[in-house]
1. Subtracting the Cα-Cα distance from 0.36 nm times the residue separation, let me have the gained length for TYR116 to ASN164 in nm, one decimal.
2. Relative to the present Cα-Cα distance, how much length would full extension add between THR130 and ASN174 at 0.36 nm per residue of separation?
3. Reachable aspartates and glutamates from LYS254, Cα under 19 Å, same-chain residues fewer than 8 places away excluded?
4. Using only the alpha carbon atoms of region 155-238, find the Kirkwood hydrodynamic radius as the inverse mean reciprocal pair distance, in angstroms to one decimal.
5. At a temperature of 10 °C and a viscosity of 1.306 mPa s, determine how fast region 86-161 diffuses translationally according to Stokes-Einstein, using the Kirkwood radius over alpha-carbon pairs as Rh; express D in µm²/s, rounded to the nearest whole number.
6. Would you mind listing how long region 61-212 runs along its three principal axes, going by Cα atoms, in whole Å with the largest first?
7. Go through LYS31/LYS118; LYS163/LYS257; LYS42/LYS109; LYS91/LYS188; LYS42/LYS118 and tell me which ones have a Cα-Cα distance over 23 Å in this structure.
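Read the figures in this text as sums done on the coordinates, not as results from a lab. These numbers were taken from a predicted model, which means no experiment stands behind them.
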Amino acid sequence: MKTNRISLLIILMLALFGLNSIFANIDSREKDALIALYEATKGENWNAPWDLDADIATWQGVDVMDGHVIGLNLFQNNLEGVLPESIGELKYLRHLNLAFNNITGVLPKDITELKYLKVLRLEMNRIKGTIPEGVGELTQLEVFSMFNNFLSGPIPATFGELKNLKELNLSSNNLRGVIPESIGNLEKLESLGLFENNLEGSIPTTVGRLVQLRELVLANNQLDGEIPEEFGQLASLKILQLQNNRFNSYTGLKMMKGDQFLVFDSDEDVFHPKFNQIQVPRTRMADTKFEDEGFDE
C-alpha cells in the first residue's frame with residue numbers, strides 16, 4: 001500500500017512538472033503580446049489583474065495548450081485603452097473575448113494574422129474606425145460580434161469569404177454603404193444583426209441563399225427598395241425585424257410562411273393581421289443583447 005502511495009505521488013509530481021513546463025516554455029513573443037495587452041489596457045485596474053511575476057498558469061482568462069495561447073477571455077474585466085498591434089503575435093488564438101469593456105481606438109490591422117481564430121467577441125466597447133478588409137483572411141471564424149461600438153465605413157465584401165461564419169453582429173455602430181452581395185456566400189450563417197447603422201440601398205437577393213438563417217435584424221437603417229422574393233427561401237428564419245427603414249415594397253414577405261416566426265416586425269400594416277392571428281409577439285426592440293457564451297462556441 002505504501003509503495004502504491006509513493007508511485008501515485010511520483011505520478012502527480014511528474015504531471016505537475018509537465019504542466020508547469022508547458023507554461024514555462026510558452027513562446028516568448030506570445031507572452032510579450034499578453035504583457036503588452038495588459039499594459040495598454042491598464043491591467044492594474046482590471047477587475048481580475050494578472051501578476052506578471054507569476055506563472056502564466058495563474059493569469060485569469062488565459063488558456064494555453066502545447067505551449068501556445070489558444071484562448072483569451074477577459075469579458076467584462078474593465079479593460080480601458082487601445083488594443084496593441086502585437087495582439088497579432090497570438091497566432092494560435094482560437095477564442096478572443098474582450099466584450100463589455102472600455103476598449104477604444106481602432107482595430108489593430110494585425111488582428112487579421114489570427115488565422116486559427118474561431119470566435120471574436122468585442123461587443124460593447126468604444127472601438128472606432130473601419131473593419132479591416134483583411135477580415136476575409138480569418139477563414140476559421142465562426143463568430144464575429146462587434147455590436148455597440150463606433151465602427152464606421154462600409155461592411156467589407158470580404159466577409160463573404162468566411163464560409164464557416166455562423167454569427168455576424170455589427171448592430172449599433174456607424175456603418176455606411178450597402179449590404180454586400182457576398183453575404184450570400186455565408187451558407188452556415190444563423191444570425192445576422194445589422195440593426196441601427198446608416199446602411200442604404202436594397203437588401204441583396206443573395207440573402208435568399210442563407211437557408212440556415214434563424215435571425216435577421218435590419219431595423220433602424222436607411223434601406224430601401226423592395227423585400228426580395230428570395231426571402232421565401234428562408235424557411236429556418238424565426239426572428240425578422242425590418243422596421244424603421246425606407247422600403248417601398250414588401251411583396252417578398254408574401255413568399256414566406258407567417259407561422260414560421262417567433263418575432264416579426266416591420267412598418268407594413270398589410271401583413272400584421274396575418275402574424276397576429278398566430279399570436280406572435282411584435283416588438284420595437286431589435287435584438288442586440290446577445291448573451292456571452294464564453295469559449296463554448
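1. 16.1 nm
2. Working: separation 44, 0.36 × 44 = 15.84 nm, distance 0.97 nm.
Using 0.36 nm per residue and subtracting the Cα-Cα distance, I get 14.9 nm.
3. The reachable aspartates and glutamates, counting only those whose Cα sits under 19 Å from LYS254, are GLU215, ASP224, GLU226, GLU229, GLU230, ASP265, ASP267, GLU268, ASP269.
4. Values: mean 1/r = 0.0792 Å⁻¹.
So the Kirkwood estimate lands at 12.6 Å.
5. Numbers: Rh = 12.4 Å.
Translational diffusion coefficient: 128 µm²/s.
6. 46, 29, 22
7. Values: LYS31/LYS118 21 Å; LYS163/LYS257 27 Å; LYS42/LYS109 21 Å; LYS91/LYS188 25 Å; LYS42/LYS118 26 Å.
Correct reply: LYS163/LYS257; LYS91/LYS188; LYS42/LYS118.
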